[in-house]
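Reviewing the structure listed below.
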Amino acid sequence: MTEKNRRILWLAVFIGCMLPAADLLRRLFTGDLGADPVETLIRATGDWTIKLLVAGLLLTPLTRILRNPLPVRFRRMIGLYAFFYVCIHLTLYLAVDQGLDIHAIVKDVLKRPYITFGMMAFLLLVPLAITSTRKMVARLGPKRWRQLHRAVYVAASFGAVHYYLLVKLDITWPLIYGAILTTALGWRMWQAMPLHKTLRAGA
Amino acid sequence: MLIGKKPDIASSEITPKSLWLDRRRFITGAAALGIGVALPREAANAGTLKFTKSPLSTKGEELTSLKDVTGYNNFYEFGTDKSDPAAYAGAMKTRPWTVEISGEVRKPVTLDIEDILKIAPIEERIYRHRCVEAWSMVVPWNGFSLSALINRVEPTSKAKFVEFTSLADSKTMPGLLLPYLDWPYREGLRMDEAMHPLTTLVVGLYGETLKNQNGAPLRLVVPWKYGFKGAKSIVRIRFLERQPATAWNTANPSEFGFYSNVNPEVDHPRWTQAKERRIGDFFRRPTLMFNGYGEQVASLYRGMDLKTFF
């Protein structure tokens, strides 16, 4: 792929990830968010967060399987977009749903497992977003940086649990995300296992 | 067969809602001026209901728009999304429709919906409607007290509970494929709850016959309980000696109690019930005990621990 095509692809993914937010904004201003706009916005931004987290986690296996470095180059952007959507998600919850009532929020976080998991997932994502720049990679050193960023598996899993716990009945999607995450994590653990490395070296 | 079936009235012949509202306003205005205008015995258009205003109506609440009341629904027989019922319930056939009334009654009977409509005068009853999911609406229902029907079939002394069964038609209800609820949908009330005047058999809302997504042609509304207690599209009403198994309670007994009275002090195990978002509002408002109907219904539960019997 030429450098120019790569740039076009980068731009396409960049704009593509922005589209859900733009669409929600359009629907907000045209009154097209349904009977409960706040609920729709919270659900949609949460949904895009987990979709992007899961997609981002599939990029590394994809790169290795395809033996092509292209997918992994989008990892940071996808991850930061996930963070962008979770920030909107959390802000709506804190400011609109809870009306910034600190007492109610603290109670909610401690008492409701799905909120607890959601909040833990968010808190795990904060340092990852902060250390996403090239400078921070250099400052931490690639090894430590990679170790730190493995936390994204935990964050995504907490996100899936958060989703699973709030659904009233139809748990199809939380289970699908859970299955993809488990597969991706399993694949990476298998890759990291000494046995696998020996086999690959032998082949 | 649904395909090719011509509607009885061409849509071009149906008076637009704005026009008949004007007509109603004219009649009301004329009445206010003391001009004797005889109201027609039968409604001019199919779908409109003749009703009187009930003194049981909740006052001082702004009505939720017809669009939201008919577009934002939980009716899992048609799917779990709030927009699914409006999108898919049209396929359900609501005529002919009969309701089997059986069990511990002296006069078991199978009633045609047209006869049910004549049991008592149709009233407009404005009630708050609080969903267990912590959102709420204010709906002008049309119907009459369930007690009118109950009195007619003469329950025996053994009748302690009433069970309501909804239609389960796999041909028109795609949601029946979902394994989460044990279909058909069933709900139940204790006899005194069923006899309470606020408990309403609903045949319409906003002065029109019920739309399918709202539980046509006949549903239950119990305003002091969470919305799911109000069974939709009822095909059977059974009087029982023992508390019946109900759909949500069977699916998850720790989360959805048999009573399910609106209670801000008893949280759902996973989310708070202290607040609710009124559809149309941005911020949440406090939820009222018994959904604000405590004065009328609290005595039904005297001496009961509402945390145990949630």
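The values are calculated or read from the model by the stated rules, or taken from the named source; none is laboratory data. Small disclaimer: the values here were computed from a predicted structure and weren't measured. Positions of Cβ are generated from backbone atoms using ideal geometry, with glycine treated the same way; all protein chains shown enter the neighbour counts. SASA here: full protein model, heavy atoms, side chains in, ligands and nucleic acids out. Shrake-Rupley method; radii C 1.70, N 1.55, O 1.52, S 1.80 Å.
What does the structure give for B:271-279 when I average, per residue, the other chain Cβ atoms found within 10 Å of the residue Cβ?
Average neighbour count from other chains, rounded to a whole number: 4.
Counting just the Cα atoms, what span does chain A cover along each of its three principal axes? Round to the nearest Å and put the largest first.
59, 41, 38
Skipping prolines and chain starts, which residues have an amide H placed within reach, meaning under 5 Å, of the one on B:Glu276, given they are 5 or more residues away or on another chain?
B:Arg285, B:Thr287
Report, in degrees rounded to the nearest 10, the 0 to 90 angle that the Cα long axis of helix A:37-66 makes with the longest principal axis of chain A.
Approximately 0 degrees, to the nearest 10.
Kindly express, to the nearest 10 degrees and within the range 0 to 90, the angle between helix B:17-32's C-alpha long axis and the longest C-alpha principal axis of chain B.
Helix B:17-32 sits roughly 80 degrees off the main axis of chain B.
Give me the 1.4 Å probe accessible area per residue for region B:45-147, excluding ligands and nucleic acids, in Å².
Values: 4410 Å² over 103 residues.
Ligands and nucleic acids excluded, the figure is 43 Å² per residue.
Tell me, what is the Rg over Rh of the protein assembly as shown, with Rh the Kirkwood radius over Cα pairs?
Numbers: Rg = 27.8 Å, Rh = 26.3 Å.
Using Cα coordinates only, the ratio equals 1.06.
How big is Rg to Rh over region B:123-238, alpha-carbon atoms, Rh as the Kirkwood inverse-mean-distance radius? Write out the running numbers ahead of the final one.
Working: Rg = 14.2 Å, Rh = 14.8 Å.
Using Cα coordinates only, the ratio equals 0.96.
At a probe size of 1.4 Å, how large is the accessible area of A:Ile8, to the nearest 10 Å²?
Rounded to the nearest 10, the figure is 100 Å².
Would you look at the GNM of chain A, springs on alpha carbons closer than 10 Å, and say which of A:Leu52, A:Leu128, A:Leu24 moves the most?
Of A:Leu52, A:Leu128, A:Leu24, the Gaussian network model singles out A:Leu24 as fluctuating most.
Output the relative contact order of chain A, whole-number percent, from Cα pairs under 8 angstrom with separation of 6+ residues. Write out the running numbers ahead of the final one.
Values: 153 pairs, mean separation 38.5, N = 203.
Relative contact order here is 19 percent.
Give me a single rounded figure for A:96-104: the average over its residues of other chain Cβ atoms within 10 Å of their Cβ. Please report the intermediate quantities before stating the final value.
Values: counts 4, 6, 4, 4, 0, 2, 0, 0, 4.
Per residue, the number of nearby Cβ atoms from other chains is 3 on average.
Give the cross-link partners of A:Lys143 among the lysines, using a straight C-alpha distance below 17 Å as the criterion and excluding same-chain residues fewer than 8 apart.
Straight-distance partners of A:Lys143: A:Lys135.
Could you rank B:Arg302, A:Arg26 by how accessible they are, 1.4 Å probe, largest area first? Please report the intermediate quantities before stating the final value.
On the way: B:Arg302 190, A:Arg26 120 Å².
Reading off the accessible areas and sorting them downward yields B:Arg302, A:Arg26.
Using a probe of 1.4 angstrom, how much of the accessible area of chain A is carbon and sulfur, in percent?
Numbers: 8310 of 11900 Å².
Whole-percent figure for carbon plus sulfur exposure: 70.
For region B:195-253, what does the convex hull of the Cα positions come to per residue, in cubic angstrom? All intermediate terms of the calculation are to be shown ahead of the outcome.
Details: hull volume 6.5 nm³, N = 59.
It is 110 Å³ per residue.
With the contact rule set at Cα under 8 Å and sequence spacing of 6 or more, what percent relative contact order holds for chain B?
Working: 592 pairs, mean separation 56.3, N = 310.
It comes to 18 percent, rounded to a whole number.
Please list the non-local residues whose amide H lies under 5 Å from the amide H of B:Thr48, H modeled 1.01 Å from N, same-chain partners needing a gap of 5 or more.
B:Thr209
Provide the packing ranking of B:52-59, B:271-278, A:104-111, B:160-167, i.e. peptides ordered by the mean count of other C-beta atoms within 10 Å per residue, highest first.
Numbers: B:52-59: 12.9, B:271-278: 19.6, A:104-111: 14.4, B:160-167: 22.4.
The peptides rank, most packed first, as B:160-167, B:271-278, A:104-111, B:52-59.
In peptide A:168-179, what is the residue-averaged number of other protein chain Cβ atoms found within 10 Å of each Cβ?
Working: counts 15, 9, 7, 1, 2, 0, 0, 0, 0, 0, 0, 0.
Partner-chain Cβ atoms within 10 Å, mean over residues of A:168-179: 3.
If amide hydrogens are placed 1.01 Å from N in the peptide plane, which non-local residues have theirs closer than 5 Å to the one on B:Glu104?
So B:Glu104 has HN proximity to B:Phe239, B:Leu240.
Compare B:Arg130, B:Arg106, B:Arg186 in a GNM of chain B, Cα atoms joined below 10 Å, and give the one with the largest fluctuation.
Looking only at B:Arg130, B:Arg106, B:Arg186, the largest GNM fluctuation is found for B:Arg106.
Work out Dmax and Rg for chain B from the C-alpha atoms and quote the Rg first, both in angstrom.
In order Rg, Dmax, the Cα atoms of chain B give 19.5, 59 Å.
Chain pair B, A: how much accessible area is buried, both chains summed, with a 1.4 Å probe, in Å² to 100? Write down the numbers at each step before the final one.
On the way: alone 15760 and 12960 Å², together 26680 Å².
About 2000 Å² of accessible surface is lost on pairing.
Setting aside same-chain residues fewer than 8 positions from B:Lys59, which lysines have a Cα under 24 Å from its Cα?
B:Lys50, B:Lys67, B:Lys225, B:Lys229, B:Lys275
Quick one: angle between helix A:3-29 and the longest Cα principal axis of chain A, in degrees between 0 and 90, rounded to 10, please.
Approximately 10 degrees, to the nearest 10.
How much accessible surface does A:Arg76 have with a 1.4 Å probe, in Å² rounded to 10?
100 Å²
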